[in-house]
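S.K.: Before we start, here is the structure in question, set down as structure tokens.
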Amino acid sequence: MQQELIRLEALTKHYKVGTETVRALRSVSLSIYKNEYVALMGPSGSGKSTLMNILGCLDSPTSGSYYLNGQDVSKMFDNQLAEIRNKEIGFVFQTFNLLPRSTALDNVALPLIYSGVGKADRTRKALQVLDQVGLSDRVDHKPNELSGGQRQRVAVARALVNTPSIILADEPTGNLDSKTSIEIMALFNDIHLAGNTIIVVTHEEDIALHAHRVIRLLDGVVESDTVNPNPKKPKKVLVPQNEED
């Protein structure tokens with residue numbers, strides 16, 4: 001039996017824009033299970049970015065419930081949400097969001113500082129995930145000394161370092177060329193095969209085809225929620241895999 005990781009119940013999100021009320025999400029209900037690989041799609045204004053922010057505990061719904069690992073995070077305060085973000089969610093952004101003056105190693109180790117992990121363990125775990133994404137020879141390089149694909153691999157390693165419940169990737173190939181995009185999607189495939197739950201937010205059909213399930217939003221509601229019977233198989237990238245602790 002599949003283990004439910006996320007459950008949304010009648011989730012709504014309204015914004016005030018001047019005198020207007022924008023209904024970004026309208027009673028969204030769905031479940032995502034452990035080790036699923038989900039693509040979240042929709043045109044501009046569909047509500048996908050709003051839903052991503054709520055799933056990532058970056059925003060709270062106007063009404064409804066969001067259960068993550070059995071906890072109702074929709075009613076949590078900001079400091080509680082920050083703790084959930086650090087422990088349960090690994091973020092991968094289109095713009096990488098790396099600290100420009102820090103090495104790859106220090107960028108990856110950053111979430112562990114907020115978790116209170118000691119320096120020796122931080123270094124060990126950061127080196128482990130950098131090896132996992134194929135960057136063991138770039139640990140002392142700063143972002144401006146890395147290619148776009150290497151910077152995104154650092155971002156993926158940072159997302160993995162706390163062994164989160166979910167990898168939440170927002171347009172992860174948006175700033176990459178087609179060859180590098182294929183490499184990054186191959187890396188996501190490896191991460192999924194290792195047992196991780198992945199949610200990719202994308203507007204690109206070609207990227208969504210890698211996922212095993214595609215959820216499409218339109219005007220704040222789930223337009224469709226379908227299983228992809230033949231997920232696209234990315235070209236294999238030779239990346240060493242480490243066993244989990």
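The values are calculated or read from the model by the stated rules, or taken from the named source; none is laboratory data. Remember, predicted model here, so these are calculated numbers, not experimental data. We place every Cβ from the backbone using ideal geometry, glycine too, and count neighbours over all the protein chains shown.
S.K.: Could you tell me which of the residues R85, R138, R124, R101 is of a type in the set (K, R) and within 22 Å of I199 (Cα to Cα)?
M.R.: Result of the check over R85, R138, R124, R101: R85.
S.K.: Restricting to the range 30-58, what's the tally of residues that are surrounded by fewer than 17 Cβ atoms within 10 Å (Cβ to Cβ) and in a loop (DSSP other than H, G, I, E, B)?
M.R.: Residues in the range 30-58 being surrounded by fewer than 17 Cβ atoms within 10 Å (Cβ to Cβ) and in a loop (DSSP other than H, G, I, E, B): 6 in total.
S.K.: What tally of residues in the range 134-160 results from selecting those that are farther than 18 Å from A186 by Cβ and of a type in the set (S, T, N, Q)?
M.R.: 1
S.K.: Given the options T62, T103, name the one that is of a type in the set (S, T, Y), in contact (Cβ under 8 Å) with a residue 12 or more places away in the chain and either touching a helix residue (DSSP H, G or I) at 6+ places or on another chain (Cβ under 6 Å) or under 29 Å from L127 (Cβ atoms) (or both).
M.R.: Result: T103 is the single residue among T62, T103 that is of a type in the set (S, T, Y), in contact (Cβ under 8 Å) with a residue 12 or more places away in the chain and either touching a helix residue (DSSP H, G or I) at 6+ places or on another chain (Cβ under 6 Å) or under 29 Å from L127 (Cβ atoms) (or both).
S.K.: Of all residues in the range 199-214 being among the hydrophobic types (A, V, I, L, M, F, W, C) and surrounded by fewer than 23 Cβ atoms within 10 Å (Cβ to Cβ), which is farthest from K232 (Cα to Cα)?
M.R.: V214
S.K.: Right, something else. On the basis of being buried (at least 16 other Cβ atoms within 10 Å of the Cβ), touching a residue at least 40 places away in the same chain (Cβ under 8 Å), assigned to a helix (DSSP H, G or I) and touching a strand residue (DSSP E or B) at 6+ places or on another chain (Cβ under 7 Å), does A159 make the cut?
M.R.: Yes; evaluated as a whole, the condition is true for this residue.
S.K.: If you go through the range 89-107 one residue at a time, do you hit one that is closer than 27 Å to I6 by Cα, in contact with a Leu (Cβ under 9 Å, 6 or more places away or on another chain) and assigned to a helix (DSSP H, G or I)?
M.R.: Checked the range 89-107: no residue is closer than 27 Å to I6 by Cα, in contact with a Leu (Cβ under 9 Å, 6 or more places away or on another chain) and assigned to a helix (DSSP H, G or I).
S.K.: Something else about it: Select from the range 149-185 the residues that are under 16 Å from I207 (Cβ atoms) and of a type in the set (S, T, N, Q) and list them in ascending order.
M.R.: Q152, T173, N175, S178, T180, S181
S.K.: Also: Name the residue that is nearest to L168 (Cα to Cα), counting only residues in the range 1-27 that are in contact with a Pro (Cβ under 9 Å, 6 or more places away or on another chain) and crowded, with 19+ Cβ neighbours inside 10 Å.
M.R.: The selected residue is L8.
S.K.: For T12, indicate whether it is among the polar types (S, T, N, Q), more than 19 Å from the chain's Cα centre (by Cα) and farther than 23 Å from V221 by Cα.
M.R.: Taking the combined requirement at face value, the residue does not satisfy it.
S.K.: Criterion first (under 22 Å from I84 (Cα atoms) and touching a strand residue (DSSP E or B) at 6+ places or on another chain (Cβ under 9 Å)) does I215 satisfy it?
M.R.: For I215, the condition - under 22 Å from I84 (Cα atoms) and touching a strand residue (DSSP E or B) at 6+ places or on another chain (Cβ under 9 Å) - is not met.
S.K.: Within the group D170, D190, D177, which residue is free of Cβ contacts under 8 Å to residues at least 40 places away in the same chain and either touching a helix residue (DSSP H, G or I) at 6+ places or on another chain (Cβ under 8 Å) or not β-branched (V, I, T) (or both)?
M.R.: D177
S.K.: Counting only residues that are of a type in the set (G, A, S) and touching a strand residue (DSSP E or B) at 6+ places or on another chain (Cβ under 7 Å), which one in the range 60-83 is surrounded by the fewest Cβ atoms within 10 Å (Cβ to Cβ)?
M.R.: Only one residue fits best here, namely S63.
Yes/no matrix, rows are residues, columns are (1) in a helix (DSSP H, G or I); (2) modelled with pLDDT of 95 or more; (3) crowded, with 17+ Cβ neighbours inside 10 Å:
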{"residue": "R85", "(1), (2), (3)": "yes, no, yes"}
{"residue": "L112", "(1), (2), (3)": "yes, no, yes"}
{"residue": "V117", "(1), (2), (3)": "no, no, yes"}
{"residue": "T123", "(1), (2), (3)": "yes, yes, yes"}
{"residue": "L127", "(1), (2), (3)": "yes, yes, yes"}
{"residue": "L130", "(1), (2), (3)": "yes, yes, yes"}
{"residue": "V154", "(1), (2), (3)": "yes, yes, yes"}
{"residue": "P164", "(1), (2), (3)": "no, no, yes"}
